[in-house]
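No lab work stands behind these numbers, since they all come straight from the coordinates. None of the values given here were measured: they were computed from a predicted structure. In this analysis, Cβ positions are derived from the backbone assuming ideal geometry, glycine residues included, and neighbour counts consider all displayed protein chains.
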Amino acid sequence: MAVSDSLRATISRAKRNDLIFVALGIAALLFAASTFVALFLDMVGDGLSRLNPSFFTEFASRRAERAGILAAWVGTFAVMLVTALVAVPIGVASGIYLEEYAPKNKLTALIEININNLAGVPSIVYGLLALGLFVHTFGLGASVQTAGLTLALLILPVVIVATREAIRAVPGSIREAAYALGATRWQMVSDHVLPYSLPGILTGVIIGLSRAIGETAPIVTIGAVTFIAFLPPSPVTSSPPFLSFDWLASPFTAMPIQIFNWTSRPEEAFQANASAAALVLVVMTLLMNAIAIWLRYRLRRNLNW
Amino acid sequence: MIRRLTLAVSIAAALVACGEQSTETTPSAPAAPASSGPTVITIDGSSTVYPITEAIAEEFQLANQGKVKVTVGVSGTGGGFKKFCRGELDIANASRPIQKLEMDACAASGVKYFELPVAYDALTVVVNPQNTFLSTITVEQLKQIWAPESQGTVTKWNQIDPSWPDAEFKLYGAGSDSGTFDYFTEAVVGKAKASRGDYTASEDDNTLVQGVSQDLNALGYFGYAYFAENQAKLKALAVVPVAGGEGVLPSEETVISGTYTPLARPMFIYVSEKAVARPEIKQFLDFYFQNVSELAREVRYVPLPESAYVLIKQHIDENKLGTVFGGEPATAITIEELLKREASL
């Protein structure tokens, strides 16, 4: 009798603790979510009236009602393109090498520690590195390519880590099966490991890109301009060879810089512009994340081990 | 299976394509002059001068239908001069004259320049609109409030003037990286960058506007444009330049007449000699001085008299390089004095 009483007391205490933890958890979640929702709604309220087609097709202007984000969104898009084209091949290749090829020795361990640490380096440090290396030593100027390379460095650790995690999730039996059929290591990787780990890799890439898209400090450090009323030259030209890489060397501005510039203006009307541009940036980020989720879902559906 | 194969192939193709892309990115770059192509005019520097130059750049490109491209950055006066003296810029915006160290840097790299004053700004001292006891303040009182020695010891209004209330004041001012901070401390305390540290400092003047407008015991300073756009939320103080004098409110008239002193300050653009040789820069400068009166006023700065712009443009035609300030900080310079100095170049 006494035993079951104390047991009951223990159980009810444990249940109470359980309840307290759930309540705390929900409170924390509500606090975080409602802060975001409040900020988001405030932004929508301030910015929605400015969101019309011409906002996307006009350059910046000293008159708030005439100002748009054309240079900013095109700049952000071009920079993201360079970032992805540089970071994805290098990052994925590094991840594959470290997971499938690298011998387990001290050098590999050192590289791994470094990559994990790089993921935690503040972004301004990458900006300073890029200023010294890309802008001054290589003479690339404050251009789309410099910004793209800088942000590529920034997200490289994220891509590498995500690639490795995804590759590690592929069961060893798949590799053994490939070897058993006489596949070489590269055939095993390219035919099996890579396709199976693709959903995870893509998720990592897009998380990396959505971090890069909102970065302000490094691109300010390399000297992105604030006012620019022209677009980078078109990558497609009318004369042979029909492809031009001049846009890489073009000066640019980006969404976060445009937003920051507008919030620091004296005229009140620019605050609405800043909210509208911030809204566009948030939607761009959410869209990228949505694409990541959709791709993961679609690609996973094709996997049947 | 086929699907997987195509996926693998497309990835491999993407990898190859990207590999080519990224190798092409780096070596091709030095060949293409990144910062100053033949038709791009690069401008950078002070955030205070930015609104004027931006307005000019905007109108210039509209008038040109985009044939000549202009970019304007905001690196601060010091940051702008650093790039300018490395030869990376055509034009530097500056909210103060070039300093000795910067002159040396320019000389070392062989960058010669024209110094062209473009307009005046009135640093405005503001309090909360509900503040009833303050409408005039002397420079001496401002010095008492802002001097580094006052930190922690002078904290109440009645320590400055016994007739003011026995309440603690709260201070709002420019962050230590801005030209505004350099100028205000030089003009009020007497030494550039000498300021107490226990105040709300921000590079974003809207933060200061918010702070002063919500705090009954606030006192702050920033450029006139931010006061002009927020007149309902702020009250500007008349500044008494010398003991026993009259208080003067900031306005276009008082800046032009030279009575609003020492907080009226000239703003400049510095143009490199090499850049002026390019026809599109000449065209841009002509456009600048034709329109700066109107556009400076639109963005709430005080333009110089028309005759002054004629004189200033002659510097270029007569090839008068260099600065009239000798690398020294200059405060309390009226338009008249500025023009006298410019004429002596």
**Asked** How far, in degrees from 0 to 90, does helix B:2-31 lean away from the longest principal axis of the Cα atoms of chain B, to the nearest 10?
**Response** 70 degrees
**Prompt:** By the scheme Lys and Arg +1, Asp and Glu -1, what is the net charge of all other residues having a beta-carbon under 14 Å from that of B:D90?
**Reply:** +3
**Asked** Counting only DSSP beta bridges with both residues in segment B:124-249, what percent are antiparallel, rounded to the nearest 5?
**Response** 45 percent
**Request:** Specify whether the C-alpha gyration tensor of segment B:54-199 places it in the rounded, prolate or oblate class, a ≥ b ≥ c being the square roots of the eigenvalues: rounded for a/c under 1.5, otherwise prolate if a/b is larger than b/c and oblate if not.
**Result:** prolate
**Asked** Is the shape of segment B:124-249 best called rounded, prolate or oblate, per the rule: a/c under 1.5 gives rounded, else a/b larger than b/c gives prolate, else oblate, with a ≥ b ≥ c the square roots of the Cα gyration tensor eigenvalues?
**Response** rounded
**Complete:** Mean per-residue count of partner chain Cβ within 10 Å for A:258-266 equals 5
**Request:** Please work out the FRET efficiency for the pair A:S34 and A:R300, using the Cβ-Cβ distance as r and a Förster radius of 30 Å; give the result to the nearest 0.05.
**Result:** 0.40
**Prompt:** Can you give the helix-only mean residue ellipticity at 222 nm for chain A, where every DSSP H stretch with n ≥ 4 adds -39500 (n - 2.57) and the sum goes over all residues, rounded to the nearest 500 deg cm²/dmol?
**Reply:** -22500 deg cm²/dmol
**Request:** Determine the percent antiparallel among the DSSP beta bridges restricted to the protein assembly as shown, to the nearest 5.
**Result:** 60 percent
**Message:** For B:K191, give me every one of the lysines with a C-alpha distance below 21 angstrom, ignoring sequence neighbours fewer than eight places off in its own chain.
**Reply:** B:K100, B:K143
**Item:** Volume of the Cα convex hull of segment A:154-305, divided per residue and given in Å³
**Value:** 171 Å³
**Request:** Round to the nearest 10 and give me the degree value, 0 to 90, for the angle of helix B:50-64's Cα axis relative to the longest principal axis of chain B.
**Result:** 40 degrees
**Message:** What distance in nm separates the two pseudo spin-label positions at B:L321 and B:K67, each 7 Å out from Cα along the beta-carbon direction?
**Reply:** 2.9 nm
**Item:** Globularity index of chain B, i.e. its alpha-carbon radius of gyration over 2.2 N^0.38 Å
**Value:** 1.20
**Prompt:** Given +1 on the Cβ of Lys and Arg, -1 on the Cβ of Asp and Glu, and no further charges, what dipole in debye does chain B carry about its Cα centre, rounded to the nearest 20?
**Reply:** 780 debye
**Cα centre as origin, Lys/Arg/Asp/Glu Cβ charges: the protein assembly as shown dipole, Debye** = 2640 debye
**Request:** Can you list which of the chymotrypsin sites (Phe, Trp or Tyr not before Pro) found in segment A:196-265 are DSSP loop residues with at most 15 other C-beta atoms within 10 Å?
**Result:** A:F242, A:F245
**Asked** Which values of log₁₀ I(q)/I(0), to two decimal places, follow from the Debye formula for segment A:51-302 at q = 0.07, 0.14, 0.15 Å⁻¹ with a uniform point scatterer at every Cα?
**Response** -0.30, -1.00, -1.09
**Asked** Which lysines does B:K233 reach when only Cα atoms under 16 Å apart count, and residues fewer than 8 places away in its own chain are ignored?
**Response** none
**Complete:** With a ≥ b ≥ c from the Cα gyration tensor eigenvalues, square-rooted, and the rule rounded for a/c under 1.5, otherwise prolate when a/b > b/c and oblate otherwise, segment A:6-111 is oblate
**Complete:** Candidate cut points under chymotrypsin sites (Phe, Trp or Tyr not before Pro) in segment B:189-274, DSSP loop plus at most 11 other Cβ atoms within 10 Å of their own Cβ, are none
**Reachable lysines from A:K106, criterion Cα separation under 21 angstrom, eight or more residues apart if same chain** = none
**Fluctuation leader among A:T76, A:T108, A:T253 - chain A, Gaussian network, Cα springs under 10 angstrom** = A:T108
**Asked** Based on DSSP, what percent of beta bridges with both residues in chain B are antiparallel, to the nearest 5?
**Response** 60 percent
**Item:** Within chain B, helix-based [θ] at 222 nm, where runs of 4 or more DSSP H residues each add -39,500 (n - 2.57), nearest 500
**Value:** -12500 deg cm²/dmol
**Prompt:** Rule-of-thumb check for segment B:126-183: C-alpha Rg over 2.2 N^0.38 Å?
**Reply:** 1.19
**Asked** At a Förster radius of 45 Å, what calculated FRET efficiency corresponds to the Cβ-Cβ distance of B:K100 and A:R168, to the nearest 0.05?
**Response** 0.15
**Prompt:** By per-residue mean of other Cβ atoms within 10 Å, what is the highest-first order of A:176-184, B:201-209, B:142-150, B:103-111?
**Reply:** B:201-209, B:142-150, B:103-111, A:176-184
**Whole-percent pair-distance distribution, where bins are 20 Å wide, for the alpha carbons of the protein assembly as shown** = 16, 42, 29, 11, 2, 0
